[in-house]
Amino acid sequence: MKFFIDTANLAEIKEAYDLGVLDGVTTNPSLMAKEGISGKDRILGHYKAICDIVDDCVSAEVIATDLKGMIAEGEELADIDDKIVVKIPMIEDGVKAIKYFSQKGIRTNCTLVFSAGQALLAAKAGASYVSPFIGRLDDVSTDGIQLIEQIVHIYNNYGYATEVLAASIRHPMHIIQCAEIGADVATCPLSAIKALLKHPLTDSGLEKFLSDYKKVNG
Ligand code: G3P
């Protein structure tokens, strides 16, 4: 299972990368705004700075919602670095844009996916990744994990190459549940990745090992 971090914060990306388990980064316009990144040059520069930290897979989202605009913006984003994956919303022109980029060999991440039907369309258009938002589904009393399971099952039926990228992850159990049902990728806040580390028996066990060592070694 691949781990992506869902942030545009350079310090958090560096911290997750230094842990040695990071496979990529996802951003979105809200996450870029949270970092105060505005204006075309600063936005493109920030994506480049992210690419310089990680080994691959930096999702950069288009703002345009028409085909022509998404193509122009996506090509500009893809030109920043080979690590860029163009993130495109699941709308009608988005499906067409995914098909266009797929034929050009530019990787895409189809975002704002909330149903199996949308995920099927994204795969047929040739998306490299599909991003179902599990936390936002949970927020409206719908089982986000069940959607991941459904998409994994459908993709396996037909051998689609599109990777299931579980997004809108809120806590470590989302990651575990995604791993159990075979999601290819989980994009997570740093807090959820670090929460996987923690177990009270690890802490108390380590404390005991160290105190026993000190008893005989001083
Ligand atoms: O990047 C897309 C997704 O992960 C957003 O998460 O927490 O805003 O629902 P959230």
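Observations
Yes or no, residue by residue, for (1) within 14 Å of the ligand (Cβ to nearest atom); (2) within 15 Å of the chain's Cα centre (by Cα); (3) on the phi < 0 side of the Ramachandran plot; (4) open to solvent by 10 Å² or more (accessible area, probe 1.4 Å):
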residue	(1), (2), (3), (4)
G135	yes, yes, yes, no
V152	no, no, yes, yes
H171	yes, yes, yes, yes
A179	no, yes, yes, yes
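- Condition check for S131 on (1) in a strand (DSSP E or B); (2) away from the ligand (no atom under 11 Å from the Cβ): one failure, at (2).
- Any hit, the range 183-193, residues being without any contact (Cβ under 8 Å) to a residue 12 or more places away in the chain, within 24 Å of S30 (Cβ to Cβ), open to solvent by 60 Å² or more (accessible area, probe 1.4 Å) and in a helix (DSSP H, G or I): yes
- Answer residue from the range 137-150, given it is more than 16 Å from the ligand (Cβ to nearest atom) and closer than 26 Å to L197 by Cα and is most open to solvent (accessible area, probe 1.4 Å) among those: Q146
- Members of the range 100-128 found to be assigned to a loop (DSSP other than H, G, I, E, B), over 20 Å from A78 (Cβ atoms) and of a type in the set (G, A, S), listed by number: S115
- When A116, A122, A78 are checked against the criterion of being small (G, A, S) and under 19 Å from V54 (Cα atoms), a single residue qualifies: A78.
- Among the residues of the range 154-169, those that are surrounded by 24 or more Cβ atoms within 10 Å (Cβ to Cβ) and in a loop (DSSP other than H, G, I, E, B) comprise T162, I169.
- Evaluation of P89 against the conditions (1) within 15 Å of T27 (Cα to Cα); (2) touching a Phe, Trp or Tyr at 6+ places or on another chain (Cβ under 8 Å); (3) not basic (K, R) shows that the sole unmet condition is (2).
- Top-ranked residue of the range 98-110 - restricted to ones that are more than 15 Å from the ligand (Cβ to nearest atom) and open to solvent by less than 50 Å² (accessible area, probe 1.4 Å), ranked as nearest to D23 (Cα to Cα): I106
- Options V85, V113, V95; residue that is open to solvent by less than 40 Å² (accessible area, probe 1.4 Å) and closer than 17 Å to A8 by Cβ: V85
- Among the residues making up the range 154-168, those that are out of contact with any helix residue (DSSP H, G or I) (no Cβ under 6 Å at 6 or more places or on another chain) and either within 16 Å of the ligand (Cβ to nearest atom) or of a type in the set (D, E, K, R) (or both) are E163, L165, A167.
- Pairs meeting the criteria (first residue in the range 119-138 and of a type in the set (K, R), second residue within 15 Å of the ligand (Cβ to nearest atom), beta carbons under 7 Å, at least 6 apart or on different chains) are R136/S168.
- Pick from the range 29-43, criterion assigned to a loop (DSSP other than H, G, I, E, B) and more than 16 Å from the ligand (Cβ to nearest atom), ranking: most open to solvent (accessible area, probe 1.4 Å): S38
- Test result for A11, more than 19 Å from the chain's Cα centre (by Cα), more than 16 Å from the ligand (Cβ to nearest atom), assigned to a helix (DSSP H, G or I) and loosely packed, with under 14 Cβ neighbours inside 10 Å: no
The values are calculated or read from the model by the stated rules, or taken from the named source; none is laboratory data. The shown structure was predicted, so the numbers you read here are calculated from the model rather than taken from an experiment. A quick note on method: Cβ atoms are made from the backbone with ideal geometry, for glycine too, and the neighbour counts reach across all protein chains shown. The area values use the complete protein model at the heavy-atom level, side chains included, leaving out ligands, DNA and RNA. Shrake-Rupley method; radii C 1.70, N 1.55, O 1.52, S 1.80 Å.
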